[in-house]
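Below: one structure, written as structure tokens.
The values are calculated or read from the model by the stated rules, or taken from the named source; none is laboratory data. All values reported here derive from a predicted model rather than from experimental measurement. A quick note on method: Cβ atoms are made from the backbone with ideal geometry, for glycine too, and the neighbour counts reach across all protein chains shown.
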Amino acid sequence: MEAERKSPHTIRTYTAGLNAYIAWCGREGLAVDLDPRPVEKFMAALFEGGAEAATVLSRQRGVRRFSAWLADEAGGPDPLGRMKPPKLDEKIPPWVPPDHLAALLATCKTRGFHDLRDRAIINLMADSMVRAAELLDLKKGDVNIRQRTAVVERGKGGKGRVTAFSAETARDLDRYLRARAPHRLAGEAWLWLPVKRTSEKRLTYGGLYTSLRRRALAADPPFRLHPHMLRSTGAIGFRRKGGQVTSLMALGGWSDISMVQRYIRAAENELAVEEARRLFDGEA
């Protein structure tokens with residue numbers, strides 16, 4: 001997968017699926033067999049344990065990806081090649097409503113490095129819809145504060161793009177860059193630097209996840225947050241403001257309109273609720 005230039009996140013996801021299947025086989029006292037029947041039982045066990053369809057699909061993909069690789073290396077048929085993926089529910093994607101986003105930003109109230117960095121990250125992710133991996137791969141030269149643009153050199157599928165952000169985010173990035181200047185790792189090309197002294201030369205996904213999660217739990221009211229929710233927030237907010245679907249796809253790095261349909265539906269649902277409230281409030 002590294003030879004195919006798959007992203008580290010994709011590799012971790014597939015590996016997690018395969019390891020989950022191996023662990024399940026161990027608990028069940030079964031040999032790790034790449035056969036549809038035990039894999040289907042594994043998927044059923046995940047559903048019975050309360051896993052979402054998207055999680056089961058992710059785990060199945062990990063097993064199937066390994067099975068396909070093994071078959072290709074051996075020059076034989078893939079025993080899992082005809083397996084069907086589980087049907088996904090068409091749920092509204094989790095996102096951060098405006099009041100919760102304001103509460104999250106309120107936790108970044110000082111002019112210290114940590115608060116300035118996280119405020120810039122939150123606003124940039126909510127504006128530009130960059131994925132967590134894309135955010136962490138940004139270099140200083142990829143962000144143009146005057147033009148309010150950020151260059152994603154290599155997004156999902158190896159595709160690059162230019163995305164945009166607001167004047168408020170530009171201000172927060174400018175403040176962060178000034179706070180970044182005296183940092184011990186200021187000479188590094190990476191835009192986002194760690195707060196604590198570690199062996200890492202840049203902010204990691206674990207550091208990003210932990211920092212955002214802690215801020216969400218410290219917000220008033222507290223709520224649960226993971227980085228992808230900020231991408232969803234940007235997409236839904238863009239459509240609620242009247243942004244075109246083609247622009248949304250270009251800025252967010254989606255190549256297939258089916259991938260953004262759920263954000264479109266979520267935005268339309270929010271607008272419908274707001275309209276209903278206005279109509280109800282106007283009743284005699």
Fill in the blank from the handout: Matching residues in region 105-137 (in contact (Cβ under 8 Å) with a residue 40 or more places away in the chain, surrounded by fewer than 23 Cβ atoms within 10 Å (Cβ to Cβ) and of a type in the set (A, V, I, L, M)) number 6
Exercise for the section: Please go through region 2-52 and pick out each residue that is under 28 Å from T204 (Cα atoms), assigned to a loop (DSSP other than H, G, I, E, B) and in contact (Cβ under 8 Å) with a residue 40 or more places away in the chain. Expected result: R5, S7
Handout entry: Counted residues, region 188-237 - those being exposed (fewer than 14 other Cβ atoms within 10 Å of the Cβ) and of a type in the set (K, R)
Key = 5
Exercise for the section: Tell me, please, whether a residue that is in a loop (DSSP other than H, G, I, E, B) and either touching a residue at least 40 places away in the same chain (Cβ under 8 Å) or among the hydrophobic types (A, V, I, L, M, F, W, C) (or both) can be found in region 53-68. Expected result: no
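Taking P94 as the residue in question, decide whether it is in contact (Cβ under 8 Å) with a residue 24 or more places away in the chain, out of contact with any Pro (no Cβ under 9 Å at 6 or more places or on another chain) and within 26 Å of R239 (Cβ to Cβ).
yes
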Handout entry: helices (runs of 4 or more DSSP H) fully within region 192-284 counting 1 or more residues that are at pLDDT below 95 and charged (D, E, K, R)
Key = 228-240, 261-281
Problem - Within region 139-170, tally of residues that are over 19 Å from the mean Cα position of the chain (by Cα), among the basic types (K, R) and surrounded by 14 or more Cβ atoms within 10 Å (Cβ to Cβ) - result: 1
Practice task
Hey, can you tell me all the residues within region 104-114 that are in contact with a helix residue (DSSP H, G or I) (Cβ under 9 Å, 6 or more places away or on another chain) and closer than 15 Å to S211 by Cα?
Solution key: L104, L105, T107, C108, K109, G112, F113, H114
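Scanning for something touching a His at 6+ places or on another chain (Cβ under 6 Å), assigned by TED's automatic domain parsing to the domain that holds S255 and within 28 Å of T55 (Cβ to Cβ), does region 93-115 turn up at least one residue?
no
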